[in-house]
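Right, I'll just put the structure down here and ask away after.
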Amino acid sequence: DKLYEKETSTSLSRAALETLAIIAYKQPITRVEIEAIRGVRVDKILENLLKRQLIKVVGRKEGLGRPLLYGVTEGFLKYFGLNSLDDLPPLELEENL
């Protein structure tokens, strides 16, 4: 049980890290936009990241359904040892994107 608690309280899955990176670089961004980039559903990942206070709802996108927009939090910056989003490394686009 303690191993499980430590795993869930400190480390993030690869899927969660990918989702966080997309949000950090593309914010504000909707769930549908994240899913279009990742190619998979991210409902549970967003729920987990919200619960861990690494992301937050920053508003709603204009248009059909007014979907929620997500952005990273101060907690995200602290988790990764950043002072601001300007400290993120430059985004290198992969050839297959």
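Every number in this text was worked out from the coordinates using simple rules, so none of it is lab data. Everything numeric here is computed off the predicted structure, so don't read it as measured data. Quick reminder, even Gly has a Cβ in these numbers, built from the backbone with ideal geometry, and neighbours come from all protein chains shown.
Under 8 Å for C-alpha pairs, at least 6 residues apart: give me the relative contact order for the stretch 13-97, rounded to a whole percent.
28
Hey, another quick one. Net charge around residue 84, counting only other residues with Cβ within less than 13 Å of its Cβ (Lys, Arg = +1; Asp, Glu = -1)?
Taking every other residue near residue 84 into account, the sum is -2.
Please list the non-local residues whose amide H lies under 5 Å from the amide H of residue 30, H modeled 1.01 Å from N, same-chain partners needing a gap of 5 or more.
Under 5 Å from the amide H of residue 30 lie the amide H atoms of 70, each far enough along the sequence or on another chain.
Give, as a single signed number, the net charge of other residues whose beta carbon lies under 12 Å from the beta carbon of residue 75, with Lys and Arg counted +1 and Asp and Glu -1.
Local net charge: +3.
With each pseudo-label sitting 7 Å past Cα toward Cβ, what's the residue 47-residue 66 distance in nm, one decimal?
2.4
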